[in-house]
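K.L.:
Have a look at this one.
The numbers here are math on the coordinates, done by the rules we state, and not lab data. Note that this is a predicted model, so its numbers are computed, not measured. No Cβ is skipped: glycine too gets one built from the backbone with ideal geometry, and neighbour counts run over all protein chains shown.
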Amino acid sequence: MSAPPVTVLDVPPEEAAAIRAAVLSADLSTLGMGRALAGPADAADLAAFLADPPVSDAIYDLPRPFTEANMARWIAESESLRQEGRRLLILTRDELGMIAGYSCVSIWPDRSAAELAGALRADRQNGGQGAAGALHTFGWIFDALGVRMMGLTAATDNVRSAKLIDAAGFVRMGTRDAIRPDGTIRVSLYWEVTRDQWRERWG
Ligand SMILES: CC(C)(COP(=O)(O)OP(=O)(O)OC[C@H]1O[C@@H](n2cnc3c(N)ncnc32)[C@H](O)[C@@H]1OP(=O)(O)O)[C@@H](O)C(=O)NCCC(=O)NCCS
């Protein structure tokens, strides 16, 4: 399961409260076209989207197998975590209404920290959309949610993710053990970036 960044910030309660409020009131239209919170009606489409191995194979913390029932549970869990300011499960639909990507933002308000996981539909991969979208989303997480730190993990063989995370200015911090929902461990590359570092690079 996703874990908060290794680096621990000192976070006053009012900062944590402001982050919770920002998560609850987040305006997804500022994140990009076609974005919406996942809702109960999305379960079947989400199961079909994630069933494609090029989409989901690299992501360790998805609820498997990709059945409609598991997706419905994940969507409901994400909504209750959103109410606590701790998660945003976001779908992007294309002009035909098909799911073209998903993002799952995990937030730890009392750590002023967030993590992002996500994937694009296979036909949208390898065209630069991932790097551009991730860059925009990282900035959005800092600006719209108000956290001061992000941590990211990627499988050690996920060259595309590593390239885009390095290019975004995240700092490599070795590896960390990521725990899958079934309790097994995946050794992952690990990065962090602070909001100050981010703004110094991207403004
Ligand atoms: C990871 C993902 C979001 C990246 O998006 P994308 O649009 O496919 O990637 P991009 O086209 O932006 O490429 C990212 C970088 O990898 C490079 N790249 C792509 N394929 C590569 C390969 N086989 N070998 C080396 N570099 C490669 C690109 O050139 C680019 O680097 P550059 O900006 O320096 O040119 C997308 O591939 C995806 O959804 N993958 C499946 C799920 C996943 O892995 N999620 C992330 C989990 S951490």
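K.L.:
Convex hull over the alpha-carbon atoms of segment 14-73: what's its volume per residue in Å³? Could the numbers behind the result be given before it?
P.N.:
On the way: hull volume 7.9 nm³, N = 60.
Roughly 132 Å³ of hull volume per residue.
K.L.:
What value, in deg cm²/dmol to 500, does the helix sum -39500 (n - 2.57) over DSSP H runs of n ≥ 4 give at 222 nm once divided by the residues of the chain? Present the calculation step by step, with values, prior to reporting the outcome.
P.N.:
Working: 7 runs with 69 residues, N = 203.
Rounded to the nearest 500, the figure is -10000 deg cm²/dmol.
K.L.:
Rounded to the nearest Å, what's the spacing between the alpha carbon centres of segment 23-47 and segment 113-184? Just the number, please.
P.N.:
18
K.L.:
Taking only the C-alpha atoms, wrap a convex hull around segment 93-147 and report its volume per residue in Å³ as a whole number.
P.N.:
84
K.L.:
Still on this structure, I have one more. For each of 180, 195, 20, count neighbouring Cβ atoms within 10 Å of the residue's Cβ, then give the residues from fewest to most. Could you put the intermediate results ahead of the total?
P.N.:
On the way: 180 13, 195 17, 20 20.
By the 10 Å Cβ count, ascending: 180, 195, 20.
K.L.:
Report the net charge of residues surrounding residue 40, where surrounding means a beta-carbon distance below 14 angstrom and charges are Lys +1, Arg +1, Asp -1, Glu -1.
P.N.:
Values: positive: 73, 82; negative: 42, 45, 68, 77, 79.
Counting the neighbours of residue 40, the net charge comes to -3.
K.L.:
Taking the Cα centre of the chain as the origin, how large is its charge dipole in debye, to the nearest 20, when only Lys and Arg (+1) and Asp and Glu (-1) carry charge on their Cβ atoms?
P.N.:
Working: 21 positive and 26 negative charges, 57 e Å.
In debye, rounded to 20, the chain gives about 280.
K.L.:
Mind pulling the per residue volume of the convex hull built on the Cα atoms of the chain? Å³ is fine. Could the numbers behind the result be given before it?
P.N.:
Numbers: hull volume 23.5 nm³, N = 203.
So the per-residue Cα hull volume is 116 Å³.
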